[in-house]
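Notes follow the structure.
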Amino acid sequence: MSTAHRDVVTIDDLSDQDIENIFQLADGYLETMAPKDTPDRIRGKLDVASGRIMATLFAEPSTRTRFSFESAMLRLGGQVLAASDAASTSFSKGETIADAVRVVENYADLIVIRSPLEGAARVAADFASVPVINGGDGSHQHPTQTLYDLYTLRREYPDWWRNRARKNLKVLLLGDLKNGRTIHSLVYVLARFGVHIHVQSAPGLGLPPHVQRRLYSDFGCQPIPGSVLKGTRKGFDAIYVTRFQAERSGSGEGAAYPVVDLEFLKAPQYRHARVLHPLPRVEELGYDLDQDPRAVYFKQAAFGVPVRMALITYLLSLDQRVKTAAAARPIASRIAPDRKCLNARCVSNNPAESRHLAHRFHVVAHKPQTLRCIYCENEFTVEAKAKVLR
Ligand code: NCD
């Protein structure tokens, strides 16, 4: 079981001060390593992480996340062990996450895990004695993508970042808000930093109710439906576009999916809006935008490297300037009733994984008592007949 170290399972694991520290480290790496003609792109190699090894345990496809983590570690002077898909790991032989991380921690100082199971990174963090970073767990969260999404907004709007107690950004989230894990970690940090969140989903693909409830209960945030801004001459500061998550969706979903292209951006409220996208794009983001100054998605992808370099530095305490003692968030009352999470895709309902874990919940409301699964964060009420909040 864990000894003292930091994990990044959800974006809540990083305090405001952690995020600021990580961003300052990332700025430093860009200043010292990016060539003048490509100022967003890290080149060269340091020896900050020499002697350290990072393992990437990925049971789902990935280009950006795995390569940029590996690039980050290599450019820090560390080394990597890579499992690129479930077929090349012992997951394909039926090994549980709990067993896999208790083995891999012997070989590596840091584990990055990606899994289709929601809550998988929590299980890994519970069992590993080295830091675990969530590289995406099903539809649940993708906190490191969120870090560099936020870093991109900070680089585009430095005045906002400096004065964010007084100044608000307006950000429109667009696309599949139901299944996109990048959205499910981004909304919490945007709400935490006071951003005005507007939402425009494809039909039936809105933010899940448990995410909406937490946005309201923890941050007093109620996302505003629609892309029309009333009573203001200033338009959106940013649009965050996401692809239809076909692999996680029900049949019939994904119809009438919004498309952001030059035609879409002609509307006056988008005159200055930066366009972000976690990539990969499919049909929802026009190629005609690529040369438009509002398109920042490739710059955003480039920032994945300095931000992940900074995060690795931070979690491995490799920089004397970094204070690692940031406060952990208080944990709400936990109960271990004889209940099961009602989300069939939750890691706690996977027959093999469930051998190593207990169903655990936060109580998030009373009357009716409402439980939030600590793994997948879906919520359900405890009544005579429990029902999922959908
Ligand atoms: C995202 C993911 O894997 O969730 N990709 C990424 O890591 N940049 C977004 C997506 O797949 O739509």
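Taking first residues from the range 168-189 that are farther than 13 Å from Asp137 by Cα and more than 10 Å from the ligand (Cβ to nearest atom) and partners that are among the polar types (S, T, N, Q) and in a strand (DSSP E or B), the Cβ contacts under 6 Å between residues at least 6 apart in sequence or on separate chains come to Leu174/Gln200; Leu177/Ser201.
Answer yes if at least one residue in the range 158-181 is of a type in the set (Phe, Trp, Tyr), open to solvent by less than 10 Å² (accessible area, probe 1.4 Å) and in a helix (DSSP H, G or I), and no otherwise. Write out each step before concluding.
Residues of the range 158-181 that are of a type in the set (Phe, Trp, Tyr), as a first pass: 160-161.
Okay, now just the ones that are also open to solvent by less than 10 Å² (accessible area, probe 1.4 Å), so 160.
Right, trim to in a helix (DSSP H, G or I) and you get 160.
The answer is yes, given that some residue of the range 158-181 is of a type in the set (Phe, Trp, Tyr), open to solvent by less than 10 Å² (accessible area, probe 1.4 Å) and in a helix (DSSP H, G or I).
For Ser88, the conditions (1) at pLDDT 95 or above; (2) out of contact with any strand residue (DSSP E or B) (no Cβ under 8 Å at 6 or more places or on another chain) are fulfilled apart from (1). Checking each residue in the range 264-313 for being within 12 Å of the ligand (Cβ to nearest atom), open to solvent by less than 10 Å² (accessible area, probe 1.4 Å) and either among the hydroxyl-bearing types (Ser, Thr, Tyr) or under 18 Å from the mean Cα position of the chain (by Cα) (or both) picks out Leu276, His277, Tyr297, Gln300, Phe303, Gly304, Arg308. Pairing each residue of the range 362-386 that is under 25 Å from Ala121 (Cα atoms) and among the acidic types (Asp, Glu) with any residue that is surrounded by 19 or more Cβ atoms within 10 Å (Cβ to Cβ) and at pLDDT 80 or above, provided the two are 6+ apart or on different chains, yields C-beta distances under 6 Å for Glu379/His210; Glu379/Thr370; Glu379/Arg372. Of all residues in the range 268-301, those being within 28 Å of Lys234 (Cβ to Cβ) and in a helix (DSSP H, G or I) number 10.
Scanning the range 83-129 for residues that are out of contact with any Lys or Arg (no Cβ under 7 Å at 6 or more places or on another chain), part of a strand (DSSP E or B) and within 16 Å of the ligand (Cβ to nearest atom) gives Val112, Ile113, Arg114, Ser115.
Output the residues belonging to the range 39-75 that are assigned to a loop (DSSP other than H, G, I, E, B), open to solvent by 30 Å² or more (accessible area, probe 1.4 Å) and touching a residue at least 40 places away in the same chain (Cβ under 8 Å). Before you say what the answer is, go through the steps one by one.
Taking the range 39-75 first, the residues assigned to a loop (DSSP other than H, G, I, E, B) are 39-52, 59-63.
If we keep only those that are open to solvent by 30 Å² or more (accessible area, probe 1.4 Å) as well, we get 39-41, 43-48, 50-52, 61, 63.
Answer for the range 39-75, where residues must be assigned to a loop (DSSP other than H, G, I, E, B), open to solvent by 30 Å² or more (accessible area, probe 1.4 Å) and touching a residue at least 40 places away in the same chain (Cβ under 8 Å): Asp40, Arg41, Val48, Arg52, Thr63.
The values are calculated or read from the model by the stated rules, or taken from the named source; none is laboratory data. Please read these numbers as outputs of a predicted model, since none were measured by experiment. We place every Cβ from the backbone using ideal geometry, glycine too, and count neighbours over all the protein chains shown. Side chains included, ligands, DNA and RNA excluded: accessible areas come from the protein's heavy atoms. Shrake-Rupley method; radii C 1.70, N 1.55, O 1.52, S 1.80 Å.
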